[in-house]
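The structure appears right after this line, and notes come after that.
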Amino acid sequence: MGAALALDAPGTDEGYVEQLAVRRDHRGRGIARLLLRHTFRAFHRTGVHSCTLWTHSDTGALGLYLRAGMTVRQSSTVFCKELEG
């Protein structure tokens, strides 16, 4: 129903949430919040003192990350143009 893939950078005190996913039919039940909380605790127990997560700016999960105590460090917009013959 949900999974988190979290990595730490050896020799540093930094962690990274590579992927956080909850099946669409199980969303809205607090599963992602629990996965994040578990990830933060596991990192802390191993000496990791900060955690980064990259996401698309239009995702519906921004509120989740903010409620989990994360802050926006950087935001970017990418532009694209289709080129015709």
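The values are calculated or read from the model by the stated rules, or taken from the named source; none is laboratory data. Quick caveat, the model's predicted, so the values are computed rather than measured. Every residue, glycine among them, receives a Cβ derived from its backbone with ideal geometry; neighbour counts consider all protein chains shown.
Tabulated data for the structure shown
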item	result
Filtered residue count, segment 9-18, keeping only those that are among the hydrophobic types (A, V, I, L, M, F, W, C) and not in a strand (DSSP E or B)	1
Candidate set from segment 45-57 (those that are part of a loop (DSSP other than H, G, I, E, B) and of a type in the set (Gly, Ala, Ser)); member that is nearest to LEU20 (Cα to Cα)	SER57
Selection status of GLY2, on the phi > 0 side of the Ramachandran plot and free of Cβ contacts under 8 Å to residues at least 60 places away in the same chain	no
Boolean, ARG45 is surrounded by fewer than 18 Cβ atoms within 10 Å (Cβ to Cβ), farther than 25 Å from GLN74 by Cα and either of a type outside the set (Phe, Trp, Tyr) or touching a Cys at 6+ places or on another chain (Cβ under 8 Å) (or both)	yes
Residue that is at pLDDT below 95, among the hydrophobic types (A, V, I, L, M, F, W, C) and under 30 Å from THR77 (Cβ atoms), where the choices are LEU62, LEU35	LEU62
Positions within segment 65-79 being outside any loop (DSSP other than H, G, I, E, B) and touching a helix residue (DSSP H, G or I) at 6+ places or on another chain (Cβ under 9 Å), in sequence order	TYR65, ARG67
Segment 52-69 - residue that is within 9 Å of the chain's Cα centre (by Cα) and either over 16 Å from ARG27 (Cα atoms) or among the basic types (Lys, Arg) (or both) and, of those, surrounded by the most Cβ atoms within 10 Å (Cβ to Cβ)	LEU53
Residue selected from segment 8-21 under the condition surrounded by 14 or more Cβ atoms within 10 Å (Cβ to Cβ) and over 16 Å from ALA68 (Cα atoms), by the criterion modelled with the highest pLDDT	GLU14
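Conditions (1) part of a helix (DSSP H, G or I); (2) closer than 18 Å to LEU5 by Cβ; (3) touching a Phe, Trp or Tyr at 6+ places or on another chain (Cβ under 8 Å); (4) small (Gly, Ala, Ser), marked per residue:
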site: LEU20; (1), (2), (3), (4): no, yes, no, no
site: ARG33; (1), (2), (3), (4): yes, yes, no, no
site: THR39; (1), (2), (3), (4): yes, yes, no, no
site: PHE43; (1), (2), (3), (4): yes, yes, no, no
site: THR59; (1), (2), (3), (4): no, yes, no, no
site: LYS81; (1), (2), (3), (4): no, no, no, no
